Structures are given as structure tokens and as C-alpha cells.
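Colleague: Provided herewith is a single structure, encoded as C-alpha cells, for subsequent inquiry.
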Amino acid sequence: MKSTFSPIFMVLVFGMLSPLAEAHTFGAHGAGWIDGFAHPFLGLDHLLAMIAVGVWAAQLGRRATWLAPLAFVSVMAGGALLGSRGVGLPLLEPIIASSVLVLSLLVVFTVRLSILASVGLVGLFGFFHGFAHGFELPDTASPMLYFLGFLMATALLHACGLGFGLSSRGINWATRLGGSMIALGGLYLLATV
């Protein structure tokens, strides 16, 4: 039981420490590796979505346990490259906020999609999160270091979600509670967009 509550506590602490609902309102001032690594932790939208991906991947099991997070990180890198080119994308904030809500509901209701649909959906959301990371990259930044930083942080957040999902297998209320907390964050993000 103790291991189940530690990840829930961690999500709450990270959520309370996130100073704004969206990390991309900060910009990445003079960004390097540390700034890129910190970026996903500074926004509730990125933080919750990335943890939800890990929890859902654990629920899906088998190959999805590693394919879903890998798809998110891989497609996120492509989205970041496109976003760093300054290409505009309409409705970016509402899509990112919606991704948090959708991912959390997949966790709460233990939705099982085919591996292709699961990886595709996670990859789609990864694209928009990556686009936001890349779009705010300042001219003074070191793009490669910044990108490596946020990719590593994303993988770490996925691992936290996976750890929670795997440690709470068979304890459905714990996973549903965690997913519900993320859903509340998603509703908050949608209300503030």
C-alpha cells in the first residue's frame, strides 16, 4: 500500500509546485539543457499529460507499456522541431488541455484500445506538446541541449506514471483516484484556456 500512495503524493506536490497552468507562458529564456529539463515540470499541462501517458501505458500492458511512451517522446521531438521553425498552429492551448483530460479519462475508465490506436493517440498528443516546447524556443537557446533536456524529463515523467500504474495493479481505486486527480487538472486547464 505504501508504494501506491508515494506516486499520488508526488503528483500532488508537482502540481502544487507548478506556478502556472501552462509551461509555455514562461518561454525558455536562454534555454539550455537544464531549462529544457525543467520545462515539463513547470507546467501543469505537460506534467499531468506525461504522467497520464505512463499510467495508461501500464494499464494497457504488454508492448504498449513501452511503445506508448516511446511514441509520445518520438513524435514530440518531431513536433518540437516543427514548432521551433516558428510555424503557427491554431488552438494549441485547447488541444494540449484537452489531451490532459482525454488521457486522464482513459486511465479512469481503463480504456483498452488496439496497440495501433493507443500508440497513434499518444503520438498525436505528443506532437502538440512537442510543438509547444519547440515554439517557445528563443533565438538565444541551444536547441539541441534544450530538446535533449525536455525529452529526458518527459521520459522521466512517463517512468513515474508507469511506476505508479505498475505498483497499483490490482488496486483499481488507486489508479482511478490518480486518474481523477489528473482529470480535475485537465478540467482546470480547459477552463483557463
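Colleague: Is it the case, given these coordinates, that Val100 is under 18 Å from Gln59 (Cβ atoms) and part of a helix (DSSP H, G or I)?
Modeller: Yes; evaluated as a whole, the condition is true for this residue.
Colleague: Looking at Leu156 and the list (1) under 15 Å from Asp45 (Cβ atoms); (2) under 12 Å from the mean Cα position of the chain (by Cα); (3) surrounded by fewer than 17 Cβ atoms within 10 Å (Cβ to Cβ), which single condition is not satisfied?
Modeller: (1)
Colleague: Could you tell me which of the residues Ala183, Ala174 is in contact with a Ser or Thr (Cβ under 6 Å, 6 or more places away or on another chain), within 13 Å of Gln59 (Cα to Cα), hydrophobic (A, V, I, L, M, F, W, C) and crowded, with 16+ Cβ neighbours inside 10 Å?
Modeller: Checking each option against the conditions leaves just Ala174.
Colleague: Could we say that Val87 is within 27 Å of Arg112 (Cα to Cα) and of a type in the set (Val, Ile, Thr) here?
Modeller: In short, no.
Colleague: Quick test for you: out of Gly149, Gly130, Gly163, Gly123, pick the one residue that is under 18 Å from Gly36 (Cβ atoms), surrounded by fewer than 24 Cβ atoms within 10 Å (Cβ to Cβ), under 15 Å from the mean Cα position of the chain (by Cα) and not aliphatic (A, V, I, L, M).
Modeller: Only one candidate qualifies: Gly149.
Colleague: Another question, then. Could you tell me whether Leu156 is of a type outside the set (Val, Ile, Thr), in a helix (DSSP H, G or I) and modelled with pLDDT of 95 or more?
Modeller: Judged against the criteria, Leu156 is a match.
Colleague: Another question, if that's okay. Can you tell me how many residues in the range 43-84 are more than 20 Å from Ala97 (Cβ to Cβ), modelled with pLDDT of 95 or more and in contact with a Pro (Cβ under 9 Å, 6 or more places away or on another chain)?
Modeller: 1
Colleague: Looking at Ser118, Ser99, Ser114, which is the one that is at pLDDT 95 or above, within 23 Å of Arg176 (Cα to Cα) and under 11 Å from the mean Cα position of the chain (by Cα)?
Modeller: Exactly one residue qualifies, and that residue is Ser99.
Colleague: Which is aromatic (Phe, Trp, Tyr) and in contact (Cβ under 8 Å) with a residue 60 or more places away in the chain, of Phe127, Phe131, Phe150?
Modeller: Step by step, each of Phe127, Phe131, Phe150 is checked, and only Phe150 is aromatic (Phe, Trp, Tyr) and in contact (Cβ under 8 Å) with a residue 60 or more places away in the chain.
Colleague: Which condition number in (1) in a helix (DSSP H, G or I); (2) in contact (Cβ under 8 Å) with a residue 12 or more places away in the chain; (3) not aromatic (Phe, Trp, Tyr) is the one that Met144 fails?
Modeller: So Met144 meets the others, but not (2).
The values are calculated or read from the model by the stated rules, or taken from the named source; none is laboratory data. Nothing here was measured: the structure is a model prediction, and the numbers come from that model. Positions of Cβ are backbone-derived with ideal geometry, glycine not excepted, and every protein chain shown enters the neighbour counts.
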